[in-house]
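A.B. asks: Submitted below is the structure of interest, expressed as structure tokens.
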Amino acid sequence: MAQIVGLLATSHVPLIGKAIGQGLQQDPYWRPFFDGYAVHECLRRVRPDVAVVFYNDHGLNFFLDKMPAFAVGAAEQYLNADEGWGLPAFKPFPGDPRLSWHLIESLAAAEFDVTTCQEMLVDHAFAIPMALMWPGGGPWPVKTVPISINTVQHPLPSAARCFKLGQAVGRALEIYDENVKVLIVGSGGLSHQLDGTRAGFINKEFDLMCMEKLVHEPQALTRYSNAQLVELAGSQGVELLMWLAARGAMPSSVFTVHSHYHIPISNTAAGLLVLENAA
Ligand code: DHB
Ligand code: FE
């Protein structure tokens, strides 16, 4: 049985990749953000073997012509590429095809007919949380399973559906026949809007409410429609769906290890929440 050790939910602003590439962590703009990213001691203690990463592709691996609601990587490795932000590419991420196929089989049995990707480029939304969790440029210490959720081409899967997808992943991990420690990652949000008349929109009150509810009452957040999420969190704030899917994969009983909220990084309210399995 896989052991779900914890959840890390985080924003994934591309500019963070530039700051890392240029070593700007102590720069006055960046310092509060990087100082708030105090997760490394916890990761060293927990030592996950695999990260299952819920993230949203931004037009790199999927585009408007073909857009799966849910896609699961099943590759030996995942190459990072830049879909237009001018970011340096991170090292390839090791895959875990055996776990990927177990998740895909279990999801199909649970009536989630996901797109399977035996080749998959991963964008900043996948790479930046990894680089924040394991800085320094050494070999990635975990294998990975990317799970991409459409936030680009409406209609998007609903908050309730994303939470259920996460629950199905959690149940699949419970019956996995290998004794591996799994970290669940949710990459996206919090409130932000990149274009249109509301560009720069941030909703601190809503974000903090979501961060609070996500811990002990995540189902409360599944009542929002995506239209409501766009209104409350901005058109890109729907990336909250990643946090919901990731929380669905965790056991119901959790405790908060760390949380941080910083406005703004680029156009985004940068949120970070680390939960551990209380069982
Ligand atoms: C920004 C935030 C994102 O989530 C993203 O995918 C791209 C850009 C930003 O705030 O600049
Ligand atoms: Fe994004």
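Each reported figure results from applying straightforward, stated rules to the coordinates on display, with no laboratory input. Every value quoted in this text rests on a predicted model; they were computed, and no experiment measured them. FYI the Cβ positions are ideal-geometry reconstructions off the backbone, even for glycines, and counts take in every protein chain you see.
A.B. asks: Give a residue-ordered list of calculated ³J(HN,Hα) values for the stretch 28-41 (Karplus: 6.51 cos²θ - 1.76 cosθ + 1.60, θ = phi - 60°; whole Hz; x for Gly, Pro).
C.D. replies: x, 5, 8, 4, x, 5, 5, 5, x, 8, 8, 10, 6, 5
A.B. asks: Taking K66 as the anchor, which aspartates and glutamates have their alpha carbon closer than 18 Å to its alpha carbon, excluding any fewer than eight residues away along the same chain?
C.D. replies: The reachable aspartates and glutamates, counting only those whose Cα sits under 18 Å from K66, are D57, E83, D113, E119, D123.
A.B. asks: What is the sum of charges around N80, taking Lys and Arg as +1, Asp and Glu as -1, for the other residues whose C-beta is under 13 Å from the C-beta of N80?
C.D. replies: -3
A.B. asks: Within 10 Å of each residue's Cβ, count the other Cβ atoms and sort S259, S253, S191 from fewest upward.
C.D. replies: S253, S259, S191
A.B. asks: Using a 10 angstrom cutoff on alpha carbons, build the Gaussian network for the chain and name the most mobile of H258, H124, H192.
C.D. replies: Looking only at H258, H124, H192, the biggest GNM fluctuation is shown by H258.
A.B. asks: Report the local net charge at Q219: Lys and Arg +1, Asp and Glu -1, summed over other residues whose C-beta lies under 11 Å from its C-beta.
C.D. replies: The answer is +3.
A.B. asks: Arrange the following residues from fewest to most other Cβ atoms within 10 Å of their Cβ: S148, S225.
C.D. replies: Numbers: S148 30, S225 12.
Ascending Cβ contact count within 10 Å gives the list S225, S148.
A.B. asks: On to the next question. In whole Å, what three semi-axes, largest first, describe the equivalent ellipsoid of the chain built from its Cα gyration tensor (square root of 5 times each eigenvalue)?
C.D. replies: 24, 21, 20
A.B. asks: Let me ask something else about it. Before rounding to the nearest 500, sum -39500 (n - 2.57) across all DSSP H runs of length at least 4 in the chain and divide by the residue total; then give [θ] at 222 nm in deg cm²/dmol. Let's see the in-between values first.
C.D. replies: Working: 9 runs with 91 residues, N = 279.
Helices in the chain give a 222 nm mean residue ellipticity of -9500 deg cm²/dmol.
A.B. asks: Another question, if that's okay. Shape call for the stretch 214-276 from the C-alpha gyration tensor, a ≥ b ≥ c root eigenvalues: rounded (a/c under 1.5), prolate (a/b greater than b/c) or oblate?
C.D. replies: Because a/c hits 1.5 or more and a/b fails to exceed b/c, the stretch 214-276 counts as oblate.
A.B. asks: Starting from the amide H of T144, placed 1.01 Å from N in the peptide plane, find each other amide H under 5 Å away whose residue is 5 or more places distant or on another chain.
C.D. replies: A51, G95, D96
A.B. asks: Near Y29, within a Cβ-to-Cβ distance under 13 Å, what is the net charge of the other residues, with Lys and Arg +1 and Asp and Glu -1?
C.D. replies: So the surrounding residues net to 0.
A.B. asks: Here is a further query. Please state the relative contact order of the chain as a whole percent: Cα pairs under 8 Å, 6+ residues apart? Display every interim value, and only then the final one.
C.D. replies: Details: 629 pairs, mean separation 86.0, N = 279.
Relative contact order here is 31 percent.
A.B. asks: Okay, next question. Distance between the C-alpha centers of the stretch 9-57 and the stretch 171-191? Whole Å please.
C.D. replies: The stretch 9-57 and the stretch 171-191 have Cα centres spaced 18 Å from each other.
A.B. asks: Something else now. Lysines near K143 by alpha-carbon distance under 25 Å, same-chain residues fewer than 8 away left out - which ones?
C.D. replies: Reachable lysines: K18, K91, K164, K181.
A.B. asks: Where in the stretch 142-180 does the amide nitrogen come within less than 16 Å of the point 7 Å from the Cα of Q3, taken along Cα to Cβ?
C.D. replies: 173-180
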